[in-house]
Amino acid sequence: MNLRNQWPVLPLAAVLASGLLTGCGSESGDSGGTGSSVVMGMSDDVLATDPAAGYDPGSWLLFNNVFQSLLSFPKGSTEPQPELAKQCGFTDTRAMVYKCELKDGLKFSNGDDLTSEDVKFTFDRMLKIADPAGPALMFPMLDKVETPDAKTAVFHLKVPDATFPSKIASGAGSIVDHRQYDANALRTDHQAIGSGPYKLDSFDKDQAVFSVNGNYKGSAKPNNSGVTLKFFHGDRTALKEALLDGDIDIAYRGLTATDITQLDQQDDSKGIDVIEGTSAEVQHLVFNMKDPVAGKLGVRKAMAYLIDRDALIKDVYQGTATPLYSIVPAGVAGHNTAFFDTYGARPSQAKAAAALRADDITGKVKLTLWSTPSRYGPATDEELKAIAEQLNASGLFDADVKSVAFDQYEKDIAAGKYGVYVKGWVPDYPDADNFTAPFFGKGNVLDNHYDNRTITGTLLPGTAAQSDRAATDKDFGRLQNIVADELPVLPVWQAKQYAVVRDGVYGLEYCLDSSTVFRFWELSKSS
């Protein structure tokens, strides 16, 4: 998910052997929620209330609470379990036909029945609209959806894809009411009709107000009577002040590393707690392979030998991230340390100089690092300036940094105007596939003109078709090694997740795991 975009994996071999993945655990229904309402602030915006359009962290936060998917990721788990579905599974050994049977008595928040017709409508609509800012790009493998009866949906895939269950368990699988959504166009009224634990009561530029959905039937049990989500539009100072002043109960996404460190050191009289969670969000430097400077392998290798990730984490991020040495982050099955093994963890001016000489490059390399100020984290500009200083300190580079607003940034990248630029990624589903196929597959999100036929023709389709996900480790390792050798991207860091809360607010530890699902229903607040 382009940050907008971040794990062990569903054991599909067992699913294929048994035929179906069946539901477990308790269900809630006709619940009004308990406890006080909770007010949360974040610096991100919610860019869409329509699941066919949203592909950013703020929008998926809304989707995960207002809508249901056929499957979902329970707290603390990276394996999807049935949510709307009673049971799901591949019906063939090639992972090309996936069948789900819906639970009985499902309804949307407005009282409309939810049937397989809504499931088919949701996916047909998303693919037909194909909004460039939406999640349709996650489903190039989907051929058609059939509905033999009101409780059964059958997905036919064009190519084998063992990660399909994880994809439909994400925010991209949010099921909409076919009576309330246009099959050919996005909603523009900022309303949302779903079947999730919460319903959206109001939405404007400053806040979204949610209340508990009494028609919800699923595994979540709301521990509050509602949530108000306040938007701070990138104003991190205002977000911090609102928390300290008691105007919000939770600050999530957007506080700087300095803010987090300072708040963590506040004395108890401030009534503030910093909650740390796990994350698979990553950030890379991306190289335009057609650029006259960055397109040279010697330049890219020299940068890989010179960048000091540990110093960046210490000086810029103050320990709120960890160094990343491959495109698949730590904690995700298939991860290796290809960049550490190839370029080491400590800068080497001698090896960088040798890489430049091997490419017949003499004199200082003049280079601009392109940044955008907040889209990929509040310290992005500062980070790239620190990287430029590291490169220049070697005496081999004359690097500077330019930062532009995100809209222009994306247009310029698509036009090929930048040689080196930064991209962040928050994953859509917990599989190494989601850190590789979007970057190196057809229509990749990096726009850097990189194509490796072994990756696109063999490794990606081969790993996608493998039902035993543990058996993909070798091929994903090979893919990561190729990327480390050819350097279309340079991994920099892997994030940690943080939320800062006032005393008396609980449940955040269940909202900050690697599934990237922020669960409103886990939040509670003492009176």
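The values are calculated or read from the model by the stated rules, or taken from the named source; none is laboratory data. In this text the structure is predicted, and so the values were computed from the model without any measurement. Glycine also receives a Cβ, built like all others from the backbone with ideal geometry; neighbour counts cover every protein chain displayed. These accessible areas exclude ligands, DNA and RNA; they are computed on the full protein's heavy atoms, side chains included. Shrake-Rupley method; radii C 1.70, N 1.55, O 1.52, S 1.80 Å.
General observations
- The slack in the chain from D204 to A330, taken as 0.36 nm per residue of separation less the alpha-carbon distance, amounts to 41.6 nm.
- The sum of -39500 (n - 2.57) across all DSSP H runs of n ≥ 4, divided by the residue count of the chain, sets its helix-only mean residue ellipticity at 222 nm to -7000 deg cm²/dmol.
- q = 0.05, 0.07, 0.12, 0.13 Å⁻¹: log10 I(q)/I(0) that the Debye formula gives for the chain, counting C-alpha atoms only: -0.19, -0.38, -1.13, -1.30
- Modelled label reach - T278, point 7 Å along Cα→Cβ, the range 231-256 residues with backbone N closer than 18 Å: none
- Contour minus Cα-Cα distance for D468 and D341 (0.36 nm per residue): 43.0 nm
- A crude spin-label estimate for the pair N110 and Q87, with each label 7 Å from Cα along the Cβ direction, gives 3.4 nm.
- Here r is the Cβ-Cβ distance between T454 and D247 and R0 is 51 Å; the resulting FRET efficiency, rounded to 0.05, is 0.40.
- Approximate spin-label separation D124-D264, in nm, with each point projected 7 Å along Cα-to-Cβ: 5.1 nm
- Figure note: K301, K366 ranked by solvent-accessible area, largest first, 1.4 Å probe, ligands and nucleic acids not counted: K366, K301.
- Close amide H contacts of E83 (hydrogens built in the peptide plane, cut-off under 5 Å, sequence separation of 5 or more or a different chain): L71, S72.
- K314-Q408 FRET efficiency (beta carbon distance; Förster radius 41 Å; 0.05 resolution): 0.80
- With a simple spin-label model that places each label point 7 Å from the Cα along the Cα-to-Cβ direction, the separation between K351 and K290 comes to 3.2 nm.
- Cα gyration tensor shape of the range 60-170, rounded if a/c is under 1.5, else prolate or oblate by comparing a/b with b/c: rounded
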